[in-house]
Amino acid sequence: MLASAALSGCASLFQPPVTPGESEEQVVARLGAPSNVYPDGDSRLFEYAAGAFGQYQYMARIGPDHLLVSYQQVWTIENFRAIRTKQDTKLDVLRRVGRPTEVTSYARIPFEAWNYGFKESGVWNSQMTVYFTDQGIVEKVENGPDPRFDDTRSRF
């Protein structure tokens with residue numbers, strides 16, 4: 001019985017996780033409950049969070065007919081570059097790239113920072129930081145190395 005369970009798990013590794021046209025129920029059955037759901041016009045975005053050290057995050061767009069429209073990895077340089085300073089709100093950022101890896105408030109700057117640790121171009125351990133004003137508007141966006149993967153920090 002254990003062998004058949006293991007084989008069925010392996011078989012699912014070679015299938016796409018979900019495909020457009022599947023029902024909302026099928027998506028949840030295959031991927032589990034989403035970590036967050038964001039309204040987006042007449043659609044909803046199901047977020048599948050990366051976790052504390054994850055570098056990829058996925059969103060499933062569910063149309064008004066309760067069918068899957070798209071499923072994609074959203075922590076990409078293109079999505080981060082599309083965030084508009086002085087215009088986008090926290091909800092706009094959540095709809096585009098989902099929840100951050102970490103939220104930080106700094107004593108010396110008056111902004112809340114959302115950090116996204118991601119694999120830039122599939123190669124570099126990077127961190128995108130989105131800074132918000134007290135009104136929840138994007139002030140700036142900056143990219144740099146992800147300190148979670150910086151092995152020089154532990155050296156003397």
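Observations on the model:
- In range of the label at residue 143: residues from segment 60-103 whose backbone nitrogen is under 16 Å from the point 7 Å along Cα→Cβ: 74-85, 97
- A Förster radius of 25 Å, combined with the Cβ-Cβ distance separating residue 109 from residue 77, puts the computed FRET efficiency at roughly 0.55.
- For residue 40, the residues whose modelled amide H falls within less than 5 Å of its own, excluding neighbours fewer than 5 places apart on the same chain, are 45.
- Modelled this way, with points 7 Å down the Cα-to-C-beta line, the labels at residue 87 and residue 28 are 3.5 nm from one another.
- Under the criterion of Cα pairs below 8 Å and six or more residues apart, the relative contact order for the chain equals 15 percent.
- Test item: Cα-centred dipole of the chain, Lys/Arg +1 and Asp/Glu -1 on Cβ, debye: 360 debye
- Each of the peptides 35-41, 57-63, 70-76 was scored by the mean count of other Cβ atoms within 10 Å over its residues; in descending order, highest first, they stand as 57-63, 70-76, 35-41.
- Rounded to the nearest Hz, the phi-derived 3J(HN,Hα) couplings of segment 121-129 under the Karplus curve 6.51 cos²θ - 1.76 cosθ + 1.60 (θ = phi - 60°) are 6, x, 10, 8, 6, 10, 10, 9, 10, where x marks glycine and proline.
- Normalised radius of gyration (Cα atoms, divided by 2.2 N^0.38 Å) for the chain: 1.20.
- Computed over neighbours whose Cβ is under 11 Å from that of residue 93, the net charge equals +3, Lys and Arg +1, Asp and Glu -1.
- Only DSSP H runs of four or more residues enter the estimate; each adds -39500 (n - 2.57), and after division by the residues of the chain the mean residue ellipticity at 222 nm equals -6000 deg cm²/dmol.
Read-outs: derived from the displayed coordinates by stated rules, not from any lab. None of these values were measured; they are calculated from a predicted model. Methodologically, a virtual Cβ is constructed for each residue, glycine included, from the backbone with ideal geometry; neighbour enumeration extends over all protein chains shown.
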